[in-house]
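The values are calculated or read from the model by the stated rules, or taken from the named source; none is laboratory data. Worth saying up front: this structure is predicted, and the values here are computed from it rather than measured. Cβ placement follows ideal geometry from the backbone for every residue including glycine, while neighbour counts extend to all protein chains displayed.
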Amino acid sequence: MLRYCLDGLENVVFTDIPRGYIILVTGPPGSFKTGLTFNIISNYLKNTEEFGVYMTLEESTESHLRNMESLGIDVPDNLLITDYTDIRSRFESDEDHPDFLDMVDGVIKYFKEKEGERFSIFALDSLGGLYALISTENLRARMFHFFKRLRDYNLYSFVIMETPRFSNIVEGEGAEYFLTDGIIELGMIERERDVRMYLQIPKLRAAYHSRKKYYVDVGDRGLSVLSPVYD
């Protein structure tokens with residue numbers, strides 16, 4: 001069950017998250033969006049015979065692996081990490097797939113056909129990186145159809161997006177908040193002498209969950225969710 005794949009998350013989400021859901025993971029720079037997403041996927045795949053794909057568009061696979069190693073997060077053998085260069089190399093030429101969004105969908109489709117229902121979990125890191133590589137004309141309609149295809153593939157899908165006020169993404173430009181099934185919001189609370197990280201789930205369709213803010217800790221073996229910020 002997905003809610004048991006991050007220490008303490010079961011105290012925030014009380015019913016399981018259905019397969020086929022798209023979860024938006026959002027927050028400012030440095031809020032461990034990538035770490036939390038990768039931690040959940042890694043723990044999920046460690047306990048199953050299933051297969052997952054983590055697609056990083058803003059850094060190389062090698063850089064991503066170094067960052068996850070620094071957080072103490074393992075990479076299971078049944079998780080494939082692919083980056084921008086690898087995605088483009090899977091197609092013979094830009095003329096074959098002139099739109100990068102089609103390339104992303106092509107990679108997912110390839111592994112779905114290869115692995116079948118064993119391919120169960122996917123992450124896109126990040127939406128801002130994707131927007132920088134595609135035409136944003138009719139973006140809402142295009143993202144609607146892209147998210148629909150993700151659901152049709154019957155995947156747990158995580159989509160990472162930097163908080164709009166800290167990026168060049170206009171809030172709701174692709175209707176991300178409305179089109180996704182759930183939102184995990186990560187943020188920072190400034191104290192007098194330190195900064196604490198928090199997690200909040202304002203939206204998770206058809207699931208029983210808390211909407212409180214919870215402290216997040218980063219330890220030797222990844223991330224964990226702690227007590228509520230406000231009782």
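So, in the range 39-62, of the ones that are among the charged types (D, E, K, R) and farther than 16 Å from residue 86 by Cβ, which residue ends up surrounded by the fewest Cβ atoms within 10 Å (Cβ to Cβ)?
Ranking the candidates gives 49 first.
The residues listed here are 80, 101, 65; of these, the one that is free of Cβ contacts under 8 Å to residues at least 24 places away in the same chain, under 17 Å from the mean Cα position of the chain (by Cα) and surrounded by fewer than 20 Cβ atoms within 10 Å (Cβ to Cβ) is 65. Cβ-Cβ contacts under 8 Å between residues 6 or more apart (or on different chains), taken from a first residue in the range 126-141 that is at pLDDT below 90 and part of a loop (DSSP other than H, G, I, E, B) to a second residue that is surrounded by 14 or more Cβ atoms within 10 Å (Cβ to Cβ) and of a type in the set (Lys, Arg), are listed as 134/142. Each residue in the range 36-67 was checked for being over 25 Å from residue 105 (Cβ atoms) and touching a Gly at 6+ places or on another chain (Cβ under 7 Å), and 1 pass. When the range 1-13 is limited to residues that are in a loop (DSSP other than H, G, I, E, B) and surrounded by fewer than 20 Cβ atoms within 10 Å (Cβ to Cβ), the one that is modelled with the highest pLDDT turns out to be 8. Of the helices (runs of 4 or more DSSP H) lying entirely inside the range 14-97, those containing at least 1 residues that are polar (S, T, N, Q) and modelled with pLDDT under 90 are 84-89.
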